[in-house]
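Take a look at the structure set out below.
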Amino acid sequence: MRSISITRTQFERRLEQISRTQFVSLSAVSDPRLKKRNNPYAGRVAKITECTGVINWTYGRTVNRQRKREGKKQDFEAKQRAWGIRVKHTPLVSHVPAGGGDVLIYLEVKVQHRSWKFVDTTDLVQIPEADLKSWLPAIKQSRQDVDRDVILRDYRLDHIGEIRIAGETWSVRPLSRTLHLYREAIEANAPTKSHHNTVTGAAI
(Lines give C-alpha, C1' and ligand atoms only; values in the text may rest on other atoms or scores of the structure.)
Protein backbone atom coordinates (compact mmCIF):
# COMPACT_ATOMS: atom_id res chain seq x y z
CA MET A 1 0.00 0.00 0.00
CA ARG A 2 1.43 3.35 -1.06
CA SER A 3 1.87 5.92 1.73
CA ILE A 4 1.79 9.68 1.23
CA SER A 5 1.98 12.65 3.56
CA ILE A 6 -0.54 15.46 3.03
CA THR A 7 -1.75 18.59 4.79
CA ARG A 8 -5.25 18.91 6.22
CA THR A 9 -6.21 21.25 3.38
CA GLN A 10 -5.01 18.71 0.81
CA PHE A 11 -6.95 16.03 2.71
CA GLU A 12 -10.19 18.00 2.40
CA ARG A 13 -9.60 18.68 -1.30
CA ARG A 14 -9.02 14.99 -1.99
CA LEU A 15 -12.21 13.99 -0.18
CA GLU A 16 -14.18 16.57 -2.14
CA GLN A 17 -13.31 14.62 -5.30
CA ILE A 18 -14.80 11.34 -4.03
CA SER A 19 -18.41 10.81 -5.07
CA ARG A 20 -18.79 7.03 -5.04
CA THR A 21 -19.17 4.55 -2.19
CA GLN A 22 -15.81 3.39 -0.83
CA PHE A 23 -14.40 1.43 2.07
CA VAL A 24 -12.00 3.30 4.33
CA SER A 25 -10.03 2.74 7.52
CA LEU A 26 -9.09 5.75 9.60
CA SER A 27 -7.28 6.67 12.79
CA ALA A 28 -8.49 9.67 14.77
CA VAL A 29 -7.37 11.58 17.85
CA SER A 30 -10.13 13.39 19.71
CA ASP A 31 -11.32 14.81 23.01
CA PRO A 32 -13.59 12.21 24.68
CA ARG A 33 -15.65 15.05 26.21
CA LEU A 34 -15.46 13.74 29.76
CA LYS A 35 -17.67 15.18 32.46
CA LYS A 36 -15.57 17.67 34.40
CA ARG A 37 -17.03 17.74 37.90
CA ASN A 38 -14.74 15.97 40.41
CA ASN A 39 -12.87 14.41 37.49
CA PRO A 40 -9.11 14.03 38.07
CA TYR A 41 -8.63 13.30 34.36
CA ALA A 42 -10.39 16.44 33.07
CA GLY A 43 -8.45 18.17 30.31
CA ARG A 44 -5.74 15.51 30.07
CA VAL A 45 -7.21 12.61 28.08
CA ALA A 46 -7.05 11.87 24.35
CA LYS A 47 -9.16 9.20 22.65
CA ILE A 48 -7.45 7.27 19.85
CA THR A 49 -10.01 5.62 17.57
CA GLU A 50 -9.45 3.06 14.82
CA CYS A 51 -12.45 2.84 12.50
CA THR A 52 -13.24 0.78 9.40
CA GLY A 53 -16.31 1.68 7.41
CA VAL A 54 -17.98 3.04 4.29
CA ILE A 55 -18.26 6.58 2.94
CA ASN A 56 -20.80 8.02 0.49
CA TRP A 57 -23.75 5.96 1.66
CA THR A 58 -27.40 6.70 2.43
CA TYR A 59 -28.46 6.31 6.06
CA GLY A 60 -32.20 5.66 5.66
CA ARG A 61 -31.74 3.24 2.78
CA THR A 62 -29.11 1.30 4.72
CA VAL A 63 -31.35 0.98 7.81
CA ASN A 64 -34.20 -0.35 5.67
CA ARG A 65 -31.86 -2.88 4.05
CA GLN A 66 -30.92 -4.08 7.52
CA ARG A 67 -34.60 -4.31 8.46
CA LYS A 68 -35.23 -6.38 5.33
CA ARG A 69 -32.45 -8.79 6.29
CA GLU A 70 -34.10 -9.16 9.69
CA GLY A 71 -37.56 -9.72 8.21
CA LYS A 72 -38.95 -6.41 9.45
CA LYS A 73 -41.03 -3.71 7.76
CA GLN A 74 -38.91 -1.35 5.65
CA ASP A 75 -40.58 1.91 6.61
CA PHE A 76 -37.73 3.67 8.42
CA GLU A 77 -37.40 7.36 7.58
CA ALA A 78 -34.24 9.22 8.48
CA LYS A 79 -34.74 12.51 10.29
CA GLN A 80 -33.09 15.66 9.09
CA ARG A 81 -29.65 16.17 10.58
CA ALA A 82 -29.71 17.86 13.98
CA TRP A 83 -26.59 19.72 12.90
CA GLY A 84 -24.47 20.14 9.81
CA ILE A 85 -25.18 20.03 6.07
CA ARG A 86 -24.11 17.23 3.75
CA VAL A 87 -21.91 18.54 0.94
CA LYS A 88 -23.46 17.18 -2.26
CA HIS A 89 -21.61 14.45 -4.14
CA THR A 90 -19.01 14.12 -1.37
CA PRO A 91 -18.75 12.20 1.93
CA LEU A 92 -18.37 15.49 3.83
CA VAL A 93 -20.54 17.41 6.27
CA SER A 94 -20.18 21.16 6.77
CA HIS A 95 -21.04 22.64 10.18
CA VAL A 96 -20.98 26.12 11.67
CA PRO A 97 -20.74 25.94 15.50
CA ALA A 98 -23.70 27.38 17.40
CA GLY A 99 -21.51 30.05 18.96
CA GLY A 100 -20.11 31.09 15.59
CA GLY A 101 -16.56 30.74 14.33
CA ASP A 102 -14.93 28.87 11.47
CA VAL A 103 -16.81 26.26 9.47
CA LEU A 104 -15.95 22.74 10.59
CA ILE A 105 -15.77 19.87 8.10
CA TYR A 106 -16.55 16.25 9.01
CA LEU A 107 -16.25 12.90 7.25
CA GLU A 108 -19.47 10.87 7.51
CA VAL A 109 -18.80 7.14 7.95
CA LYS A 110 -20.98 4.04 8.18
CA VAL A 111 -19.05 2.11 10.81
CA GLN A 112 -18.28 -1.55 10.19
CA HIS A 113 -15.81 -1.92 13.04
CA ARG A 114 -14.46 0.49 15.62
CA SER A 115 -12.06 0.28 18.54
CA TRP A 116 -10.54 2.87 20.83
CA LYS A 117 -8.07 3.51 23.61
CA PHE A 118 -7.44 6.42 25.97
CA VAL A 119 -4.11 8.11 26.68
CA ASP A 120 -3.14 10.50 29.46
CA THR A 121 -1.61 13.38 27.50
CA THR A 122 0.45 14.60 30.45
CA ASP A 123 2.57 11.48 30.89
CA LEU A 124 1.68 9.39 27.80
CA VAL A 125 0.28 6.47 29.78
CA GLN A 126 -2.68 4.45 28.54
CA ILE A 127 -5.77 4.75 30.77
CA PRO A 128 -8.13 1.77 31.12
CA GLU A 129 -11.64 2.74 30.06
CA ALA A 130 -12.96 1.36 33.35
CA ASP A 131 -11.11 4.19 35.12
CA LEU A 132 -13.05 6.75 33.05
CA LYS A 133 -16.47 5.12 33.16
CA SER A 134 -17.99 7.60 35.62
CA TRP A 135 -17.11 10.57 33.40
CA LEU A 136 -17.78 9.26 29.89
CA PRO A 137 -20.86 10.68 28.10
CA ALA A 138 -23.98 8.52 27.90
CA ILE A 139 -24.63 6.45 24.75
CA LYS A 140 -27.58 7.64 22.68
CA GLN A 141 -30.42 5.19 22.13
CA SER A 142 -31.28 4.04 18.61
CA ARG A 143 -34.71 4.38 16.98
CA GLN A 144 -33.84 2.03 14.10
CA ASP A 145 -35.72 -1.01 15.45
CA VAL A 146 -33.05 -3.45 14.24
CA ASP A 147 -31.12 -6.23 15.97
CA ARG A 148 -27.84 -5.10 14.43
CA ASP A 149 -27.55 -1.32 14.54
CA VAL A 150 -26.46 0.76 11.58
CA ILE A 151 -23.81 3.03 13.06
CA LEU A 152 -23.18 6.51 11.70
CA ARG A 153 -20.21 8.51 12.93
CA ASP A 154 -18.93 11.93 11.86
CA TYR A 155 -15.17 12.44 12.22
CA ARG A 156 -13.86 15.99 12.16
CA LEU A 157 -11.19 16.26 9.51
CA ASP A 158 -8.70 17.92 11.84
CA HIS A 159 -9.09 14.91 14.19
CA ILE A 160 -8.10 12.36 11.52
CA GLY A 161 -4.38 11.63 11.50
CA GLU A 162 -4.37 8.78 9.01
CA ILE A 163 -6.72 7.16 6.50
CA ARG A 164 -6.42 4.09 4.28
CA ILE A 165 -8.39 4.49 1.06
CA ALA A 166 -8.25 3.10 -2.49
CA GLY A 167 -4.95 1.30 -1.93
CA GLU A 168 -3.20 4.28 -0.33
CA THR A 169 -2.43 5.45 3.19
CA TRP A 170 -2.73 9.19 3.70
CA SER A 171 -0.87 10.59 6.73
CA VAL A 172 -2.44 13.95 7.52
CA ARG A 173 -0.06 16.58 8.89
CA PRO A 174 0.37 17.77 11.57
CA LEU A 175 -1.90 15.38 13.53
CA SER A 176 -0.18 12.30 12.10
CA ARG A 177 2.83 13.08 14.29
CA THR A 178 0.68 13.22 17.42
CA LEU A 179 -1.07 10.00 16.41
CA HIS A 180 2.29 8.28 16.02
CA LEU A 181 3.38 9.51 19.46
CA TYR A 182 0.22 8.19 21.14
CA ARG A 183 0.49 4.85 19.33
CA GLU A 184 4.03 4.44 20.63
CA ALA A 185 2.80 5.24 24.15
CA ILE A 186 0.03 2.63 23.89
CA GLU A 187 2.44 -0.03 22.61
CA ALA A 188 4.98 0.77 25.32
CA ASN A 189 2.35 0.47 28.06
CA ALA A 190 0.48 -2.48 26.59
CA PRO A 191 1.80 -5.19 28.96
CA THR A 192 0.57 -3.43 32.12
CA LYS A 193 -1.87 -0.70 31.05
CA SER A 194 -3.62 -2.23 28.07
CA HIS A 195 -7.36 -1.91 27.68
CA HIS A 196 -9.10 -2.45 24.38
CA ASN A 197 -12.73 -1.81 23.57
CA THR A 198 -14.35 -2.88 20.33
CA VAL A 199 -17.79 -2.04 19.03
CA THR A 200 -19.89 -3.22 16.11
CA GLY A 201 -23.10 -1.69 17.43
CA ALA A 202 -23.89 1.47 19.37
CA ALA A 203 -26.07 3.49 17.12
CA ILE A 204 -26.97 7.06 16.57
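The values are calculated or read from the model by the stated rules, or taken from the named source; none is laboratory data. In this text the structure is predicted, and so the values were computed from the model without any measurement. Here the Cβ is made from the backbone with ideal geometry for all residues, glycine too, and neighbour counts use every protein chain on show.
Laid out as a table, the results:
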item	result
Elements of type strands (runs of 3 or more DSSP E) in the stretch 54-127, at least 2 residues being farther than 13 Å from D154 by Cα	104-120, 125-127
Spans of strands (runs of 3 or more DSSP E) in the stretch 138-177 with at least 1 residues at pLDDT below 95 and more than 14 Å from T7 (Cα to Cα)	151-156
Filter result (farther than 15 Å from V24 by Cα, crowded, with 20+ Cβ neighbours inside 10 Å and at pLDDT 95 or above) within the stretch 104-135	I105, K117, F118, V119
Tally, over the stretch 136-154, of residues that are over 23 Å from Q22 (Cβ atoms) and surrounded by fewer than 17 Cβ atoms within 10 Å (Cβ to Cβ)	10
Only listed residue being among the aliphatic types (A, V, I, L, M), out of contact with any Leu (no Cβ under 7 Å at 6 or more places or on another chain) and under 18 Å from F23 (Cβ atoms), chosen from V54, V63, V96	V54
The stretch 13-39, subset over 16 Å from the mean Cα position of the chain (by Cα) and part of a helix (DSSP H, G or I), residue surrounded by the most Cβ atoms within 10 Å (Cβ to Cβ)	R14
Any hit, the stretch 85-101, residues being buried (at least 16 other Cβ atoms within 10 Å of the Cβ), under 19 Å from the mean Cα position of the chain (by Cα) and charged (D, E, K, R)	no
Residue pairs meeting the criteria (Cβ under 6 Å; at least 6 apart or on separate chains; first over 21 Å from R8 (Cα atoms), in the stretch 22-46; second outside any loop (DSSP other than H, G, I, E, B))	P32/V45; P32/K47; L34/W135; K35/W135; N39/W135; R44/D120; V45/F118
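Here's the yes/no breakdown for (1) among the charged types (D, E, K, R); (2) more than 30 Å from K72 (Cβ to Cβ); (3) more than 14 Å from the chain's Cα centre (by Cα):
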position	(1), (2), (3)
P137	no, no, yes
R143	yes, no, yes
D154	yes, no, no
E168	yes, yes, yes
